[in-house]
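Derivation of every value follows stated rules applied to the coordinates shown; laboratory data play no part. No experiment lies behind these values; they were computed from the predicted model shown. Ideal geometry is used to build each Cβ from the backbone, glycine not excepted, and the neighbour counts take in all protein chains shown.
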């Protein structure tokens, strides 16, 4: 645990996470997948420091009708949908309401895929060791969807690496992956942003800039 129990910003968190992942340095079969948008600055620092490939795992939270910040589930590329069945039953959310929210988020997934990747194809995951990176976890709904989407593609190994998360969320995710790395597990835990001094929203332009820099580096490395 870092002595100040907080991160200056997402780049600072990424550098700290890279130090914890030093054993993965320059491994050709390792792919870092960032959860946009906030996970991209963190994952960029990890991939840059360790000379690893960087790409995206597109995931969207399904906000509860009337309480959008409360996740009733998440969707990911490949048609993956993960739902919080207890919450849905407790709030009497209908299948039609879930489908309506999911349809909107599918459109946003497609928009982001086109905006961030353009014509670049999605990465090949089969047989690769994958590190899923986000700026932190709260309920873990989006990361569960990301794990499920990656699992469908038969990777050799799935690791989740995040700067901060509550203990109960880590306990829920641990059986789903091969490795789980988290730098801070504070209690009480109210939000991810609580543990960053600068938690300004990551923009589409920042995502595109960081991905472009990472992909140019990969081309240079491949040419050497």
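Considering the chain as a Gaussian network with a 10 Å cut-off on Cα pairs, which listed residue, 112, 120, 37, attains the greatest mean-square fluctuation?
120
What does the helix-only formula give at 222 nm for the chain: each DSSP H stretch with n ≥ 4 adding -39500 (n - 2.57), the total divided by the residues, and the result rounded to the nearest 500 deg cm²/dmol?
-12500 deg cm²/dmol
Order by neighbour count: 142, 202, 169, fewest other Cβ atoms within 10 Å first, most last.
Starting with the residue having the fewest Cβ neighbours, the order is 202, 169, 142.
Below 8 Å, C-alpha to C-alpha, sequence gap of six or more: please give me the relative contact order for the chain in percent.
Over the chain, the number comes to 25 percent.
Taking the beta-carbon count within 10 Å as an exposure proxy, list 93, 131 from fewest neighbours to most.
Ascending number of Cβ neighbours within 10 Å: 93, 131.
Connecting C-alpha atoms closer than 10 Å in a GNM of the chain, tell me which of 18, 96, 74 has the biggest fluctuation.
Most flexible of the set in this elastic network: 96.
How far, in degrees from 0 to 90, does helix 39-50 lean away from the longest principal axis of the Cα atoms of the chain, to the nearest 10?
20 degrees
Pairing the Cα long axis of helix 204-223 with the longest principal axis of the chain, what angle in degrees results, from 0 to 90 and rounded to the nearest 10?
For 204-223 against the chain, the angle is about 40 degrees.
Of 66, 78, 140, which has the largest mean-square fluctuation in a 10 Å C-alpha GNM of the chain?
66
So what's the gap between the Cα centers of the stretch 168-214 and the stretch 128-147, to the nearest angstrom?
Between the Cα centres of the stretch 168-214 and the stretch 128-147 lies a distance of 8 Å.
To the nearest 0.05, how large is the calculated FRET efficiency for residue 208 and residue 97 if R₀ is 45 Å and r is the Cβ-Cβ distance?
0.85
Taking the number of other C-beta atoms within 10 Å as the exposure measure, put 64, 203, 185 in order starting with the fewest.
Final ranking by Cβ density, sparse to dense: 203, 185, 64.
Using DSSP, restrict attention to beta bridges with both residues in the chain and report what percent are antiparallel, rounded to the nearest 5.
Percentage antiparallel, nearest 5: 35.
Kindly express, to the nearest 10 degrees and within the range 0 to 90, the angle between helix 141-151's C-alpha long axis and the longest C-alpha principal axis of the chain.
Taking Cα atoms only, the helix is inclined about 60 degrees.
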